[in-house]
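I have placed the structure first, in the form of structure tokens, so that the comments after it can refer back to it.
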């Protein structure tokens, strides 16, 4: 009987230690749970990409798309020359409908006056990033929740979904 | 009835059971995910010289959980230049720091990532009432803000985040990066051997002493002075006797870049003022021992001691490292681990032979020298590979092949339009999307076309060929270049864009970009709408003199549709001018801009297939007469050149934001040359694409 109790205590301790380990030990991201994020180099045309890991819990395409969009809008680290979205641009939401991802942006981009060069480069990188995800081949951009013909700068057309063939 | 000994009913047993139940309850209470507790006394934070209060916060395991919509959190992030993205229904909360690091939380997961590196938070973020609650102190630390107890107050101290040293050829670059915009005070005199900079309001936990022993800089010492609420970090740069040091441009207000060199080296840059910030560093740095004329926006400066003229450096100098940032598993771009061929002597493709292999086909190349390659698979069964830097020692060729796998082979040398590198392209037209392998051989490379179709999604790849070895994917895939083969629209696309037969074949519509309430870009004392109108008026005068009819979308500083009209109305109104008039061509004139000053050049944009020839003709004339950098012809879906039915182009004449281009834009001679170049290109296009009425025009070009 005493032996049985000791065994139960040991088993409970083992379970507790394992649970504690699962809860608190840092874990590497799950293998293969990565996403490619593109940025446009300062020649305004060439794209490069880097690979970032996503949370193992972000398993649905919508969550991964939101994360990839936020990364693309943030751009590569600051010391990498790149065509970037205006600082303070916020990803409001990303919705998926069929092969089209609808990206709703807000913050600075709603009022920033970017030139044609910047508009073309930043959205090219965003479109390449999202269309590299399985099942997405077009990106509809919204600004502040609404479809707009262009940004305030008035260059790149946004009232139709953008695809890789837009460039 | 006497209770039985050892049964549950005994007082001792009941006490034991009670104790056990209490212990288990306590343990469970600690282990299970807790419910949100009462509001914290969260108003005792101090940040950036003022109190910081959180109105929408909770306690989670005794730790501060702040809602994503909290005003205090918003002010905290705004001061750091960080932005937060979260929308109900999403399970990610993403914060982007001012230096573009992404801090990513996932609801229900205590792990979070900072620039791709996994970390553990005090608790898992949770959603409640349409907002998400994040572990505030973990977020603050991720943004380089450390909490420090000061009596009853927690002071949030912005930290000096990093000190990066980059030895260059004859100088040493040091970049200091802070959590918030860095302000410095120079404590040393201009003639002192050491440079002492005090960073106000900033603390540091960086290594206190670093030996550098690089050009112009011996060591760096860091100490923290001041109070908890107002810390000051003093950085002491021990420099070479008589050495030079300047402030260089930085990529963010949170970063300061300094350059050090031995006496006599021309560094360029900005003299270090007694006090200032990153915004004061406007002059580019120079590399005192490089050959002139290779950098972008070159300003030739003769270094002291008859050194050769020096080119300007792009920010942080080493452009090649940024061209191809290899990645780590954590996602942080790093420099390529293998040497890049850029900057080396071009390789030579000395022999080329082809060989049918039954169900496949081989192209055997003899290559001497190291070379990078990049291949692309196009949707219409074309495949090509570019070798660069490389020259071709055998004749260029473009020939059909008698082979079931490969229908034609083209080999040609050219100069890369963007990188100006000698490039050799080998292009194949395949019978079907066959698999293609690149196989290193003892003297070069074999392009092996297989008998099967390729089913992978990979459309581009790149790598490096060193003697007998092939490195594939050593750099991230793909730098997708708008190769001429892709950007040239096929003639079969013309049906999509309606008839381009003008009802008024002698009419050109000129569209001066922006105007009225829309100023366009403003840099270097120039306003884009005014410049565009000046170009347009000059172009109109030339075209009228050559016999064309001209209509302007605006010939004054006005909105075309009306003041403060929507972008759609304004842009469509410009297209309507040309569409309703049945014009033969539409030319929109703009001036470019970018957030930093190093970009320059002239670009001609088209979108529709019927517009490429006009863009090509105009751009050829512009680049022939303008001293600006040739940024090429590009396809982009810009509204006005999409919705004008006739051949339509948008010319970006030069960058207002570049000091060199801005100086040109300020001269009437340059603006006149732009107008003449566009007019000449219009003439060339008209000559090559005649209309029945052209015999009556007087255009002589």
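Only a single item in (1) out of contact with any strand residue (DSSP E or B) (no Cβ under 8 Å at 6 or more places or on another chain); (2) within 14 Å of another protein chain (Cβ to nearest Cβ); (3) farther than 25 Å from residue B:618 by Cβ is not met by residue B:571, and it is number (3). If we scan segment B:191-209, do we find a residue that is part of a loop (DSSP other than H, G, I, E, B) and in contact with a helix residue (DSSP H, G or I) (Cβ under 9 Å, 6 or more places away or on another chain)? Within segment B:191-209 (the criterion being part of a loop (DSSP other than H, G, I, E, B) and in contact with a helix residue (DSSP H, G or I) (Cβ under 9 Å, 6 or more places away or on another chain)), the answer is no, since none of the residues qualifies. For segment B:371-387, what are the residues that are within 28 Å of the chain's Cα centre (by Cα) and at pLDDT below 85? Matches in segment B:371-387: B:371, B:372, B:373, B:374, B:375, B:376, B:377, B:378, B:379.
Tell me yes or no: at least one residue of segment A:82-90 is more than 8 Å from chain B (Cβ to nearest Cβ) and out of contact with any helix residue (DSSP H, G or I) (no Cβ under 9 Å at 6 or more places or on another chain). No: segment A:82-90 contains no residue that is more than 8 Å from chain B (Cβ to nearest Cβ) and out of contact with any helix residue (DSSP H, G or I) (no Cβ under 9 Å at 6 or more places or on another chain).
Counting only residues that are buried (at least 23 other Cβ atoms within 10 Å of the Cβ) and more than 7 Å from every other protein chain (Cβ to nearest Cβ), segment A:45-81 holds 6 of them.
If only residues of segment B:63-107 that are in contact (Cβ under 8 Å) with a residue 40 or more places away in the chain and assigned to a strand (DSSP E or B) are counted, the one that is surrounded by the fewest Cβ atoms within 10 Å (Cβ to Cβ) is B:63. In the set B:362, B:418, only one residue is modelled with pLDDT under 80 and either assigned to a strand (DSSP E or B) or surrounded by fewer than 21 Cβ atoms within 10 Å (Cβ to Cβ) (or both); that residue is B:418. Number of residues in segment A:137-163 that are closer than 19 Å to residue A:37 by Cβ and either surrounded by 21 or more Cβ atoms within 10 Å (Cβ to Cβ) or out of contact with any helix residue (DSSP H, G or I) (no Cβ under 6 Å at 6 or more places or on another chain) (or both) equals 5.
Counting only strands (runs of 3 or more DSSP E) that sit wholly inside segment B:124-173, those with at least 1 residues that are within 20 Å of residue B:104 (Cβ to Cβ) and either in contact (Cβ under 8 Å) with a residue 24 or more places away in the chain or assigned by TED's automatic domain parsing to the domain that holds residue B:202 (or both) are B:126-128, B:131-135, B:145-150, B:160-167.
Filtered by the rule that a residue be surrounded by fewer than 21 Cβ atoms within 10 Å (Cβ to Cβ) and more than 11 Å from chain A (Cβ to nearest Cβ), segment B:578-596 gives B:579, B:580, B:581, B:582.
Restricting B:641, B:682, B:678 to those that are at the interface with chain A (Cβ under 10 Å from one of its Cβ atoms), at pLDDT 90 or above, assigned to a helix (DSSP H, G or I) and closer than 21 Å to residue B:505 by Cα reduces the list to B:641.
The values are calculated or read from the model by the stated rules, or taken from the named source; none is laboratory data. Given the structure is predicted, the values throughout are model-derived calculations rather than measurements. Here Cβ is always computed from backbone atoms with ideal geometry, including for glycine, and neighbour counts include all displayed protein chains.
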